[in-house]
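First up is the structure itself, then whatever we jot down about it.
The values are calculated or read from the model by the stated rules, or taken from the named source; none is laboratory data. All of these numbers come straight from a predicted model, not from anything done at the bench. For neighbour counting, all protein chains shown are included, and Cβ atoms are generated from backbone atoms with ideal geometry for every residue, glycine included.
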Amino acid sequence: MKRIGKYISRFFAVFSTKYRIQVLDVDHFENKASFRLSALQIAGAFVTIMTILIFLTIYLVAFTGLREYIPGYADQKSKQKINDISVAVDSLQNNVISNEKYIINLQNIFTGKLTPDEPYKKDTTKNYTSITNKKSREDSLLRKEVQDAEQYNIETNKASAGMSNILFFTPVRGKIIQKFQPEKRNYGLTITTKKDETVKCILDGTVLFSTWTLNDSYIIVVQHNDQFVSIYKHCSATLKKEGDYVKVGEPIAFVAQTNGVIKDPYIFFELWYRGSSIDPSKFILF
């Protein structure tokens, strides 16, 4: 036990022993400064300085711009920019999907591949057998009055109202061999023309549809301002692709060659306005 006590006392004696530290001038050996410190005081000072340095480093990294220079650490502006880009990409992706669905629906309409509606499901929760539809005397008189008034009215095409001020460019110069007959599901004009004649756009617009179909050969559809849509069918080739912007009078296709039934080169041209087909011959000189 005495030996252990001696070792302990020597250990504390080493830390409690004070040492003189002098700062001397090398040239004249003049004493500039003198310090009396023990080993324990030196260790305490060292620990204090290291603690202060550690806290300063943490503060600089956490609350100043120096953290941007640490590998693998992204600054706040970069994070915000990445988040904004992600939102923009997601929005663009949704727009692309919507546009693709819109174009596919238009393609199905123009090629006759209409998507079948959902089958009708009869509502068995309600009973309509007891409902009767009886016309009142006032209703019959009103119907007769309206029918008599409309008997002498000149029938007009509502879709073509207000179009007299629009100047359309002639798609092709030629002869109309098949007129506009919507009652026979013929919503355009068949126009014969010269061989290798180019088809030109009637107004400025954007190409919605440009492809080859089994029934109508090459088809090109252009969307114009004010809800106008022009359709050029039975072309031998198209010069524009979907999404192209075309100017009025710009060539967009070539007329088709003879097919046995029609001996001269021809195209089939349709003009639609606000969802209704109109007679192009009333507004365009062919």
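Name the strands (runs of 3 or more DSSP E) wholly within the stretch 218-286 that hold at least 1 residues that are of a type outside the set (Val, Ile, Thr) and more than 14 Å from residue 171 (Cβ to Cβ)?
Counting at least 1 such residues, we get 228-238, 266-273, 276-278.
Which condition number does residue 248 fail, the rest of (1) surrounded by 18 or more Cβ atoms within 10 Å (Cβ to Cβ); (2) in contact with an Asp or Glu (Cβ under 7 Å, 6 or more places away or on another chain) being met?
Among (1) surrounded by 18 or more Cβ atoms within 10 Å (Cβ to Cβ); (2) in contact with an Asp or Glu (Cβ under 7 Å, 6 or more places away or on another chain), the lone unmet condition for residue 248 is (1).
Residue under question is residue 195, and the condition is that it be touching a residue at least 12 places away in the same chain (Cβ under 8 Å) and over 20 Å from residue 102 (Cα atoms); does it hold?
Answer is yes for this residue.
Out of 227, 223, 181, report the one residue that is touching a Ser or Thr at 6+ places or on another chain (Cβ under 6 Å), of a type outside the set (Val, Ile, Thr) and surrounded by fewer than 19 Cβ atoms within 10 Å (Cβ to Cβ).
Details: 227 fails: touching a Ser or Thr at 6+ places or on another chain (Cβ under 6 Å); 181 fails: touching a Ser or Thr at 6+ places or on another chain (Cβ under 6 Å).
Going through 227, 223, 181 in turn, the sole match is 223.
Counting only residues that are modelled with pLDDT of 90 or more and of a type in the set (Val, Ile, Thr), how many does the stretch 140-186 have?
4
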